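The values are calculated or read from the model by the stated rules, or taken from the named source; none is laboratory data. The shown structure was predicted, so the numbers you read here are calculated from the model rather than taken from an experiment. Cβ: placed from backbone, ideal geometry, glycine included. Neighbour counts: every protein chain shown.
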Amino acid sequence: MTGTADARGQPIVELRSVRRAFGSTVAVRDVDLAVGPSEFLAILGESGSGKTTLLKTINRLQPPDRGDVLIDGRSTSAVVEHELRRRIGYVFQRVGLFPHMTVAENIGVTPRLLGWSEESIRARVDELLALVNLPAEMAARLPTALSGGQRQRVGVARALAARPSIMLMDEPFGALDPVTRDSLGAEYRLLHERMGLVTVMVTHDVIEALLLADRIVVMREGAIVASGTPRELMNERTDAEVRKLMDMPRRQMTRVAAMLDDARRP
Amino acid sequence: MSDRFANAWALLPGYLSQHVVLSAAAMALGLLVSLVLVVASVRSERVRWPVLAFASLIQTVPSLALLALFYPFLLAVSGLAEKVFGTGFSALGFLPSLLALALYSMLPVIRNGVAGILNIDGAIIEAARGVGMTEWQRLARVELPLAAPLLMAGVRTAAVWVIGAATLSTPVGQVSLGNYIFSGLQLQDWVSVLFGCVAAATLALVVDQLLGAIETGLARRNRWRVVAGVAALAVGIAAAALPLGRGGAASYVVGGKNFSEQLILAELMGARIAEAGGSVAQRTGLGSAVVFAALASGDVDVYVDYSGTIWANVMRRTDVLPREPMLAEIRAWLEREHGIVMLGSLGFENAYGLAMRRDRAEALGIATVADLAAHAAELSMGGDLEFFSRPEWGALQSAYGLGFASRREFEPTFMYRAVTDGEVDVISAFTSDGRIAADDLLLLGDPAGAFLPYDAIVLVAQKRASDDVLRRALAPLIGAIPLALMQEANYRVDRERDKETPAATARWLESEIAARGD
């Protein structure tokens, strides 16, 4: 099931036998993976399964030891790293807003590196603030004056600023409270669809993966052990590991549904 | 008291501007090198350890020693440059002070800079890489701005250290606020010492406040504060540098060691050269070896030394000749080895001798060093800072079998006080010192002739060997200062009451010489 290009066409991101080790610990074991146009892929796995390392091989924050990563069919090994990263949006759990820059400066950082005019940067910042549902007057604030959810909205806006076609997200909403997490996830899914993005999101939250992704790959010990649409994985009967993983949300759903039924009864 | 204060006040613009320019230049150089080392250290762990160790090591070297060590080092480099490029540079004064102070400034800047950058949250570094910054963009846009407040705290510490340590550049020939302290200490002019301390401390305080304003400006991201602090510093440095540029380089440099007689004679020679039409800079307060090396290399044009010092310390002779043959040998040797011209002897001798309080000597029945030998085992001996390492001390010990109960070293000013207070019994006195008569000390006879003659001789650098102005100005001084006159001149400067400045005493001495010459 793994490594096949999506039915939607030529893969945008393609990993070929990618391996990445830290000393004697192999984090990613010869992984093949392809992400198609407009696809939202979730990488699901326990901590230590190698999912974050796998994600970072795509923008070469963790350059592969062996194998190759192709974007739009071209190998990334020959591309200058910082130029590659300016074309790929990157959002991660700890956000990493620059504390000495205002919200506007944080959002405009990649356009500025690309040499956009100040005017077009300003316009883009305004546009993005609206897109991530932040009031325009936030632009002049420093990150310390924001709530956790607002910070991650700025993080998403920063990643989108230079109009990338690919977004890499490493547990982007993991540190937020459940309500904020749900609404931000849903809002991002809408952005993904509106902009026709390719999104690869790492998460350990099964429900989040099921609700947001078009396709889910499950990682264990550096390798992909299962791959499929949320529906396919929910109905998986053969793989015990996947069944166990999907049982938990199914049980929760059933109990919540039962409660809803009870409440509706007169 | 008030005229001493006025005198110190009059010297302030010159001393302060030199002090400010030296400190600012040392800070600028130190900061530049430190920043390069900070960047290298945060990028490579293999560089970090040796850099921090080296900077810490520098800090353990006493600052005065660090300054002193740069002089011979630069002298060697200058000699090499002269061989290779045909032109050397002055190894005295500004350059050694600049380098030593720049080195001295580095530790707090490097330590804080490295800590400031390494302590940045890993998420921010990851974000900087993730948004597509290059290494240099990350440094300039993220790491340095975030480390800036801590870095500035290091700069502040360094600036206070450098301004304080710059007072120690006086002995290597750089004018600074330390001139107040060193000459004041020598002349027992406590007003001058205090003035120097207060001036240096005030300067340090003001600079610290301005750098503090910049630091808080950086921490609070208040651009106005940063700009105001930088502007105030720039104006201060520019104001200090202005008089230096206007003055132009003096054509004649008069050197001098660090005691009263040398300060008076340097003033006297300087005044005479100025009257003859030369512009004069004084480099006094120099160490004995430093001033000779400076003359030999041409950094100093003229100074007064003593025949015994040249004989024993410079020529490394251990034998003793009578006065005239010894002077002739010294003249020939200086000319042959260094091209230095010995203009002649001033007419007095400032020899070493042993002195005791007269009442104490009489009570013990001591009149000569030979008498002293019998009592030495119960007596304590005080010497100036170089006496016990001079050949005369060895000669004395072997000629008379001297063995004292204890011996101590003093700065000359305190040595006389120690013997009058009875803290030590015998001291190494200078025969031209006015305090011998004033404190009622007895100079002990030297029947074995262990002490060398110490005629005051005027030495002129090679490049001034046939300089008309210099010769015209200084020739009338040769043979014109008898011992009693020099003793009185020295006493005017050294006495506790109605103390005069070396400059005023030099004027008095010049008029005395003129009166006697008529």
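Would you call B:Ala159 surrounded by 23 or more Cβ atoms within 10 Å (Cβ to Cβ) and within 13 Å of another protein chain (Cβ to nearest Cβ)?
No.
Check A:Thr25 against each of (1) crowded, with 19+ Cβ neighbours inside 10 Å; (2) more than 14 Å from chain B (Cβ to nearest Cβ) and name the one condition it does not meet.
Evaluating A:Thr25 over (1) crowded, with 19+ Cβ neighbours inside 10 Å; (2) more than 14 Å from chain B (Cβ to nearest Cβ) leaves (1) as the failure.
With B:Gly365, B:Gly383, B:Gly353, B:Gly298 as the choices, which residue is within 24 Å of the chain's Cα centre (by Cα) and more than 30 Å from B:Tyr252 (Cα to Cα)?
Among B:Gly365, B:Gly383, B:Gly353, B:Gly298, only B:Gly383 is within 24 Å of the chain's Cα centre (by Cα) and more than 30 Å from B:Tyr252 (Cα to Cα).
Do you know which residues across the range A:90-104 are at the interface with another protein chain (Cβ under 9 Å from one of its Cβ atoms) and surrounded by 22 or more Cβ atoms within 10 Å (Cβ to Cβ)?
Across the range A:90-104, the qualifying residues are A:Tyr90, A:Val91, A:Phe92, A:Val95, A:Gly96, A:Leu97.
Need the failing condition index for A:Gln152 against (1) over 24 Å from A:Ser120 (Cβ atoms); (2) away from chain B (no Cβ under 14 Å); (3) assigned to a helix (DSSP H, G or I), just the number.
The number of the failed condition is (2).
Assuming B:Ala266 fulfils every condition listed in (1) of a type outside the set (D, E, K, R); (2) in contact with a strand residue (DSSP E or B) (Cβ under 9 Å, 6 or more places away or on another chain); (3) at positive phi apart from one, which condition is it?
Looking at each condition in turn, B:Ala266 falls short on (3).
Based on this model, can you work out whether B:Val47 counts as surrounded by 19 or more Cβ atoms within 10 Å (Cβ to Cβ) and more than 20 Å from B:Pro171 (Cα to Cα)?
No.
Could you go through the range B:228-242 and let me know if any residue there is in contact with a Gly (Cβ under 8 Å, 6 or more places away or on another chain), in contact (Cβ under 8 Å) with a residue 24 or more places away in the chain and outside any loop (DSSP other than H, G, I, E, B).
No, because not a single residue in the range B:228-242 is in contact with a Gly (Cβ under 8 Å, 6 or more places away or on another chain), in contact (Cβ under 8 Å) with a residue 24 or more places away in the chain and outside any loop (DSSP other than H, G, I, E, B).
Could you tell me whether B:Thr202 is more than 14 Å from every other protein chain (Cβ to nearest Cβ), closer than 25 Å to B:Val38 by Cβ and hydroxyl-bearing (Ser, Thr, Tyr)?
no
Suppose we filter the range B:50-72 for residues that are free of Cβ contacts under 8 Å to residues at least 24 places away in the same chain and either surrounded by 14 or more Cβ atoms within 10 Å (Cβ to Cβ) or not assigned by TED's automatic domain parsing to the domain that holds B:Pro96 (or both); how many remain?
Counting residues in the range B:50-72 that are free of Cβ contacts under 8 Å to residues at least 24 places away in the same chain and either surrounded by 14 or more Cβ atoms within 10 Å (Cβ to Cβ) or not assigned by TED's automatic domain parsing to the domain that holds B:Pro96 (or both) gives 2.
Run down B:Arg408, B:Arg435 and say which single residue is modelled with pLDDT under 85 and either surrounded by fewer than 20 Cβ atoms within 10 Å (Cβ to Cβ) or outside the structural domain of B:Gln487 (by TED's automatic domain parsing) (or both).
B:Arg435
Residues that are surrounded by 18 or more Cβ atoms within 10 Å (Cβ to Cβ) and basic (Lys, Arg): does the range B:380-391 have at least one?
yes
List every residue pair whose Cβ atoms sit under 8 Å apart, with the two residues 6 or more apart in sequence or on different chains, where the first one lies in the range A:215-233 and is without any contact (Cβ under 8 Å) to a residue 24 or more places away in the chain and the second, anywhere, is of a type in the set (Gly, Ala, Ser).
A:Pro230/A:Ala209; A:Pro230/A:Ala213; A:Leu233/A:Ala226
Among B:Ala240, B:Ala234, B:Ala219, which is the only one that is surrounded by fewer than 20 Cβ atoms within 10 Å (Cβ to Cβ), touching a helix residue (DSSP H, G or I) at 6+ places or on another chain (Cβ under 8 Å), farther than 21 Å from B:Met415 by Cα and not β-branched (Val, Ile, Thr)?
When all the criteria are applied, what remains is B:Ala219.
Applying the selection to the range B:192-206, what residues are among the aliphatic types (A, V, I, L, M) and surrounded by 18 or more Cβ atoms within 10 Å (Cβ to Cβ)?
B:Val193, B:Ala199, B:Ala200, B:Leu203, B:Ala204
Any idea how many residues of the range B:280-314 are assigned to a helix (DSSP H, G or I) and within 17 Å of B:Met269 (Cβ to Cβ)?
Total meeting the criteria: 4.
Do you know which of the residues in the range A:28-61 that are basic (Lys, Arg) and within 14 Å of chain B (Cβ to nearest Cβ) is farthest from A:Gly174 (Cα to Cα)?
Among those residues, the one meeting the criterion is A:Arg60.
Count, please, the residues in the range B:482-518 that happen to be more than 26 Å from the chain's Cα centre (by Cα) and hydroxyl-bearing (Ser, Thr, Tyr).
Counting residues in the range B:482-518 that are more than 26 Å from the chain's Cα centre (by Cα) and hydroxyl-bearing (Ser, Thr, Tyr) gives 1.
Filter the range B:73-104 down to the residues that are of a type in the set (Phe, Trp, Tyr) and either at pLDDT below 80 or surrounded by fewer than 15 Cβ atoms within 10 Å (Cβ to Cβ) (or both), then identify the one that is farthest from the chain's Cα centre (by Cα).
Residue satisfying both the conditions and the ranking: B:Phe85.
Scan the range A:118-139 for residues that are in contact with a helix residue (DSSP H, G or I) (Cβ under 7 Å, 6 or more places away or on another chain), free of Cβ contacts under 8 Å to residues at least 60 places away in the same chain and part of a helix (DSSP H, G or I) and jot them down.
Passing the criteria: A:Ile121, A:Arg124, A:Val125, A:Asp126, A:Leu128, A:Leu129, A:Ala136, A:Met138, A:Ala139.
Identify, please: which residue in the range B:121-153 is among the small types (Gly, Ala, Ser) and surrounded by 19 or more Cβ atoms within 10 Å (Cβ to Cβ) and is, among those, farthest from the other protein chains (Cβ to nearest Cβ)?
Once the filter is applied, the top-ranked residue is B:Ala153.
Of all residues in the range A:62-81, which are without any contact (Cβ under 8 Å) to a residue 24 or more places away in the chain and either aliphatic (A, V, I, L, M) or facing another protein chain (nearest Cβ under 10 Å) (or both)?
A:Ala78, A:Val79, A:Val80, A:Glu81
Please enumerate the residues belonging to the range A:105-127 that are within 14 Å of another protein chain (Cβ to nearest Cβ) and hydrophobic (A, V, I, L, M, F, W, C).
Across the range A:105-127, the qualifying residues are A:Ile107, A:Val109, A:Leu113, A:Leu114, A:Trp116, A:Ile121.
Just wondering, is there one or more residues in the range A:41-53 that are in contact (Cβ under 8 Å) with a residue 24 or more places away in the chain, touching a strand residue (DSSP E or B) at 6+ places or on another chain (Cβ under 6 Å) and in a loop (DSSP other than H, G, I, E, B)?
Yes, some residue in the range A:41-53 is in contact (Cβ under 8 Å) with a residue 24 or more places away in the chain, touching a strand residue (DSSP E or B) at 6+ places or on another chain (Cβ under 6 Å) and in a loop (DSSP other than H, G, I, E, B).
Return a yes/no flag: does the range B:337-356 have any residue that is closer than 22 Å to B:Val304 by Cβ and either exposed (fewer than 13 other Cβ atoms within 10 Å of the Cβ) or without any contact (Cβ under 8 Å) to a residue 24 or more places away in the chain (or both).
Taking every residue of the range B:337-356 in turn, at least one turns out to be closer than 22 Å to B:Val304 by Cβ and either exposed (fewer than 13 other Cβ atoms within 10 Å of the Cβ) or without any contact (Cβ under 8 Å) to a residue 24 or more places away in the chain (or both).
For the range B:460-477, indicate whether the set of residues that are in a strand (DSSP E or B) and outside the structural domain of B:Trp508 (by TED's automatic domain parsing) is non-empty.
No, the range B:460-477 contains no residue that is in a strand (DSSP E or B) and outside the structural domain of B:Trp508 (by TED's automatic domain parsing).
Is it fair to say B:Asp425 is modelled with pLDDT of 90 or more, under 18 Å from B:Phe259 (Cα atoms) and not small (Gly, Ala, Ser)?
No.
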